[in-house]
1. Please work out the Cα center distance from segment 280-302 to segment 40-80, rounded to the nearest Å.
2. Rounded, prolate or oblate: which fits the chain when a ≥ b ≥ c are the square roots of the eigenvalues of the alpha-carbon gyration tensor, with rounded for a/c under 1.5 and prolate only if a/b beats b/c?
3. Quick one: 3J(HN,Hα) in Hz for segment 133-149, Karplus 6.51/-1.76/1.60 with θ = phi - 60°, rounded, Gly and Pro as x.
4. Counting other beta carbons within 10 Å of each residue's own, what order do 280, 47 fall into, fewest first?
5. Based on Cβ point charges of +1 for Lys and Arg and -1 for Asp and Glu, what charge dipole magnitude is obtained for the chain about its Cα centre, in debye rounded to the nearest 20?
6. Can you count the Lys pairs in the chain whose Cα atoms are under 27 Å apart, with each pair 8 or more apart or on different chains?
7. With 10 angstrom as the radius, rank 282, 237 by how many other C-beta atoms surround their C-beta, starting from the fewest.
8. At a Förster radius of 22 Å, what calculated FRET efficiency corresponds to the Cβ-Cβ distance of residue 120 and residue 208, to the nearest 0.05?
Amino acid sequence: MKIKIFTILIVVGIVSANLFSQTSKVGTTAATFLEIGPGSVATGMGCAFVSVANDATSLYWNPAGIANFSSNEVTIFHANWLASTNFDYAALVLPLGGAGSIGLSFTSFSMADEMVRTVAQPEGTGEFFSAGDIAVGLSYAKSLTDRFSIGFTAKYIQETIWHETASAIAVDAGTMFRTDLFNGLVIGASISNFGTQMKLYGSDIRSFGRVNTSLLGSNDQIPFNVELDSWDLPFIFQIGLSTHIVKNDDYSILVAVDALHPNDNYESMNVGGEFSFRDCVFIRGGYKNLFLTDSEGGLSLGVGVNSKLLFSDDFVSFDYAYRNFGRLTNIQTLSVDIKF
């Protein structure tokens with residue numbers, strides 16, 4: 001049964017990605033902020049995380065990862081993104097014992113207010129506009145056996161620019177299968193952002209004009225709405241492998257590799273690794289978008305510390321990651337993860 005479910009997910013992911021990619025290429029999807037991966041742990045490992053998925057950011061990478069959580073966990077992530085934008089992510093996971101686990105996630109992509117400028121008033125009209133995106137997700141995951149788990153996320157997505165808004169509903173699904181091979185090799189697969197199209201609506205697309213200049217009594221104040229196109233979400237299928245090549249009481253070395261098939265770009269791979277010393281100090285490195293033509297940068301590095309909170313049995317982790325974007329501004333991220 002577990003192999004059938006895993007196979008079905010892989011087949012659905014490949015077929016769906018191929019169907020979308022026949023008509024969709026770079027720059028032809030909406031809500032591209034959904035392609036920004038949260039978490040300094042995942043970022044530090046080059047975003048090779050679909051089969052690792054061992055913290056609350058699993059709600060993004062692979063919801064099946066939360067199935068075996070034994071304690072509540074919350075993650076807060078922030079990144080100063082490209083072009084003076086901000087990316088924030090928060091997630092909460094609550095285990096339900098034998099019934100599985102549930103999770104709630106919130107994603108925000110925002111920018112500072114900008115001055116409205118026109119040809120007649122290039123220095124500004126005195127008005128300001130803003131743009132921003134959000135996504136809210138509700139997840140559920142359960143272990144079907146001691147090795148195989150599945151997870152799903154339903155989410156609401158919204159994009160806003162000045163007076164226009166577009167929204168969509170989407171679903172993510174993932175599986176994880178733990179084997180006895182190579183020190184516990186884990187196979188993970190996920191599909192993300194399978195949902196409705198997005199189309200902008202709002203007062204700024206409303207205009208006025210003359211319907212027929214040849215008719216007597218016609219005027220140029222007839223209201224009408226500009227018809228805008230609908231755009232697909234950035235659907236992506238991922239499959240990954242991860243294992244500890246070294247693991248003992250003092251230190252361990254984890255390596256991971258992901259293969260990606262998106263509907264708005266070509267196939268690529270992410271690779272990464274993590275060195276852990278007594279589960280307290282972590283050093284990470286990775287490379288994103290291997291074999292992707294015309295990508296910027298790719299190298300990422302990260303560090304983290306994990307310790308008990310004072311006067312309690314709760315754990316808190318602080319993680320930092322650096323991601324190279326080539327000719328663009330390099331990104332630095334911070335995460336705080338608390339288990340309680």
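Readers should treat all values here as calculations from the given coordinates under stated rules, not as data from a laboratory. These figures come from a predicted structure and were not determined experimentally. Glycine gets a Cβ as well: all are built from the backbone with ideal geometry, and neighbour counts include every protein chain shown.
1. 16 Å
2. Prolate is the answer for the chain, as a/c is 1.5 or above and a/b outweighs b/c.
3. For segment 133-149, the Karplus curve yields 10, 9, 9, 10, x, 10, 10, 9, 9, 8, 8, 7, 9, 6, 10, 10, 9 Hz.
4. So the ranking, lowest neighbour count to highest, is 280, 47.
5. Approximately 760 debye in magnitude.
6. Going through the chain pair by pair, I get 17.
7. 282, 237
8. 0.75
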